[in-house]
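Q: I am attaching a structure below and will ask some questions about it afterwards.
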Amino acid sequence: MALDAETTEDAVLGGRLTLRQPKRGHRFGHDAILLAAATDARPGDMAVDLGAGVGTAGLALAHRVPKLSVALVEVDPILADLARENAARNKLADRVQVATLDVNAGVPDFTRAGLRPECAQHVLMNPPFNDPVRQNASPDPGRRHAHTASSDTLVQWVDRASLLLVQHGTLTLIWRASGLAEVLTAVAGFGGITVLPIHPKPQATAIRVIVRAVKGSAAPLVLLPAMTLNDADGRPSVEAEAILRNGEPLRPITNE
């Protein structure tokens, strides 16, 4: 693909992965790495990353968990091509497949891509979460598409996750903290829900929540102790450094 002039190569996880991404528009950040770190996958499992972009979260998860199979689902064909290139670049193509699909595509489309109902033990996702009615959408088309959602986007994505998950499979998602009520409504059909608030620094309000939910579980909701990304002086916290640079998993967030 002739995108070299329009892309950059960027290292994540302390250089453990090198990813090509668009120079402008939606570019990956901490959210994708935190999402991967929060997904409690095991060797031999299957994980599906919905709205995968250039593959950051799914590839970080595949890098951390040996013998894990990962499917990256991305509607933008340019980003999907970059995800395929990134899987090959990081020697993960034997375990990572890329499907150029809308999350809301029909079951036959997913099945043709090798993603039949109840095929995965894990679904992870970082859905678009800016409401254009309440928040200013980016003028950049790629960034606007990646970040702007309609009022029913989250419910649609959660429904797709439920369809793909086996019984007692887990959904892990990251969302803006101010929209926690929307997330809890969307995952009401799940159980074993855990909520992890993410704060930028001590004494600051949370900016993100990581929510984990288990299909078919009857366990109650648990609010976990918060994670702080930086200390009061702006230096990365020990926990954040371990995750963002060293590729370690997030502390367990299950309540079962």
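Yes or no, residue by residue, for (1) of a type in the set (K, R); (2) free of Cβ contacts under 8 Å to residues at least 60 places away in the same chain; (3) not in a helix (DSSP H, G or I):
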residue	(1), (2), (3)
K201	yes, yes, yes
T205	no, yes, yes
I210	no, no, yes
E241	no, yes, no
R251	yes, yes, yes
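Okay, residues lined up against (1) in contact with a helix residue (DSSP H, G or I) (Cβ under 9 Å, 6 or more places away or on another chain); (2) at positive phi; (3) among the aliphatic types (A, V, I, L, M):
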| residue | (1), (2), (3) |
| --- | --- |
| S162 | no, no, no |
| L180 | no, no, yes |
| A206 | yes, no, yes |
| R212 | yes, no, no |
| L223 | no, no, yes |
| D233 | no, no, no |
| G247 | yes, yes, no |
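Q: Can you pull out the helices (runs of 4 or more DSSP H) entirely within region 1-120 that have at least 1 residues that are hydroxyl-bearing (S, T, Y) and out of contact with any Leu (no Cβ under 9 Å at 6 or more places or on another chain)?
A: By residue number, 107-112.
Q: If you go through region 212-239, how many residues are within 24 Å of H63 (Cβ to Cβ) and either buried (at least 18 other Cβ atoms within 10 Å of the Cβ) or in contact (Cβ under 8 Å) with a residue 12 or more places away in the chain (or both)?
A: 4
Q: Report whether or not D76 is among the charged types (D, E, K, R), surrounded by fewer than 24 Cβ atoms within 10 Å (Cβ to Cβ) and farther than 22 Å from T111 by Cα.
A: no
Q: State whether one or more residues within region 154-164 are within 22 Å of A41 (Cα to Cα), assigned to a strand (DSSP E or B), modelled with pLDDT of 95 or more and in contact with a Lys or Arg (Cβ under 9 Å, 6 or more places away or on another chain).
A: no
The values are calculated or read from the model by the stated rules, or taken from the named source; none is laboratory data. Bear in mind the structure is a predicted one, so any value in this text is a computation, not a measurement. With ideal geometry, Cβ positions are generated from the backbone for all residues, glycine too; neighbour counts draw on all protein chains shown.
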